[in-house]
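Chemist: First the structure, which I've put down as structure tokens, then a few questions once you've had a look.
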Amino acid sequence: MTRQRVGVGLAVAIPVIVLAAFLTGAIWGPPVGPTQPIAYSHRIHAGQYQIQCQYCHYTAEQSSWIDVPPVEVCMGCHRITAADRPEVQKLQKYWNEKRPIPWVRVHFLPEHAKFNHKRHVKAGFACQTCHGPVEQMDVVYQYSSLSMNWCINCHNGNNELNKKASVDCLTCHY
């Protein structure tokens, strides 16, 4: 092989390798969510201890909107469990001051789009369908794009399974 061919081969191979490493996260690692006021690990709570999503996010089955749990839910366990740990002591401070934890929002939809958690929970979809493997995440990040195209592809795929997922514009834009 001539020097010129090797040079051309490297000129093509190096950008391809760098691009592949970028796309797989090998250079920068997995996506990371925002820094939260308390370092809460879903990997420990939902993964290791297998606490169901709806124990903390109990409004998911009852409401179109879901929010982070109030301090009272956390303190249900942490009045006793791991009370000596620094992150639980931060939690205790919010509890004592009767203040909500100022969690930083992770999942975003455009303001003109609405998502109904209750409909999806009642239809039997696991939280991981949209939120990814939360039980493996120390820091939660937005796993899915939650774009209109992403949602429509999901609805169309479920219609093939006779799930009757609406693709009418007014389903999400009202």
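The values are calculated or read from the model by the stated rules, or taken from the named source; none is laboratory data. The structure displayed is predicted, hence computed values, not measured ones. Cβ sites come from the backbone with ideal geometry, for glycine too, and all protein chains shown count toward neighbours. SASA here: full protein model, heavy atoms, side chains in, ligands and nucleic acids out. Shrake-Rupley method; radii C 1.70, N 1.55, O 1.52, S 1.80 Å.
Chemist: Going by amide H atoms built from the backbone, whose H comes under 5 Å of the H on Ser64, apart from near neighbours?
Modeler: Lys118
Chemist: Taking R0 as 25 Å, what FRET efficiency do you get between Arg119 and Tyr141 from their Cβ-Cβ distance, rounded to the nearest 0.05? Don't jump to the answer; show the numbers that get you there.
Modeler: Numbers: r = 24 Å, r/R0 = 0.97.
Result of the calculation: an efficiency of 0.55.
Chemist: A further question follows. Roll a 1.4 angstrom probe over the protein heavy atoms and tell me the percent of accessible area of the range 27-131 that is carbon or sulfur.
Modeler: On the way: 4270 of 7370 Å².
It is 58 percent, rounded to a whole number.
Chemist: In whole Hz and in residue order, list the ³J(HN,Hα) couplings for the range 39-46 that follow from phi through the Karplus curve 6.51 cos²θ - 1.76 cosθ + 1.60, θ = phi - 60°; x for Gly and Pro.
Modeler: Going residue by residue, I get 6, 8, 9, 5, 4, 6, 6, 7 Hz, with x marking Gly and Pro.
Chemist: Return the distance in nm (one decimal) between the two label points of a simple spin-label model at Arg43 and Ile80, each offset 7 Å from Cα along Cα→Cβ.
Modeler: With each label placed 7 Å out from Cα toward Cβ, I get 2.8 nm.
Chemist: Near Cys127, within a Cβ-to-Cβ distance under 12 Å, what is the net charge of the other residues, with Lys and Arg +1 and Asp and Glu -1?
Modeler: -2
Chemist: Please list, in chain and number order, the residues 5+ apart from Met137 or on another chain whose amide H is under 5 Å from its amide H, with Hs placed from the backbone.
Modeler: For Met137, whose amide H was placed from the backbone, the distant partners under 5 Å are Arg43.
Chemist: Per residue, how much accessible area does the range 61-122 have with a 1.4 Å probe, in Å²?
Modeler: Working: 4560 Å² over 62 residues.
About 74 Å² of surface per residue is accessible.
Chemist: Using a simple charge model, +1 on the beta-carbon of Lys and Arg, -1 on the beta-carbon of Asp and Glu, nothing else, what dipole does the range 42-174 show about its Cα centre, in debye to the nearest 20? Could you put the intermediate results ahead of the total?
Modeler: Details: 14 positive and 11 negative charges, 42 e Å.
That gives the range 42-174 a dipole magnitude of about 200 debye.
Chemist: What are the ³J(HN,Hα) couplings of the range 133-140, residue after residue, when phi is run through the Karplus curve with 6.51, -1.76, 1.60 and θ = phi - 60°? Round to Hz, x for glycine and proline.
Modeler: x, 4, 5, 10, 9, 6, 10, 6
Chemist: Provide the gained length on full extension for the span Asp67 to Glu160, in nm with one decimal, where the gain is 0.36 nm per separating residue minus the Cα-Cα distance. Each step should come with its number before you reach the end.
Modeler: Values: separation 93, 0.36 × 93 = 33.48 nm, distance 3.11 nm.
So the chain would gain 30.4 nm between Asp67 and Glu160.
Chemist: Using the Karplus curve 6.51 cos²θ - 1.76 cosθ + 1.60 with θ = phi - 60°, work out ³J(HN,Hα) for each residue of the range 110-115 in order, rounded to whole Hz, and write x for Gly and Pro.
Modeler: Residue by residue, the range 110-115 yields x, 4, 7, 10, 10, 10 Hz.
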